[in-house]
1. So between residue 13 and residue 71, what do we pick up on full extension, going 0.36 nm a residue minus the alpha carbon distance?
2. Listing 10, 64 from the residue with the fewest other Cβ atoms within 10 Å to the one with the most, what is the order?
3. Between 43, 65, 18, where does the largest GNM mean-square fluctuation fall for the chain, given springs only between Cα atoms within less than 10 Å?
4. In the calculated pair distance distribution of the stretch 1-61, what percentage of Cα-Cα distances lie above 18 Å?
5. Counting Lys and Arg as +1 and Asp and Glu as -1, each charge on the Cβ, what is the dipole of the chain about the Cα centre in debye, to the nearest 20?
Amino acid sequence: MAADLRSAWLESTAADRAYAAWAREGAGICVSPAPTTSSSVLAQQHSTQATAARQRFVASWNELAPRYGFASRQADEI
């Protein structure tokens, strides 16, 4: 469970960094949709992995939480 939480944090951080790089790459480019770059692809990959890790963590958490009087959580709350 702790490994899933740690993975979620690390993947989320990596996604944030990749999204920031993508934003820097696209600075001054005003087109829709925004261009796909290696940074945007990497950001999406990390984001997907972070979501999966959060879902695994929440599944484990929600199984244990009632035993100890803790509230259940949703993946988007982590």
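1. 18.3 nm
2. 64, 10
3. 65
4. Summing the P(r) of the stretch 1-61 above 18 Å gives 42 percent of all pairs.
5. Using only the charged Cβ atoms, the result is roughly 120 debye.
Taken together, the values in this text are just the output of simple stated rules run on the coordinates, not laboratory data. Given the structure is predicted, the values throughout are model-derived calculations rather than measurements. Virtual Cβ from ideal backbone geometry, glycine too; neighbours counted across all protein chains shown.
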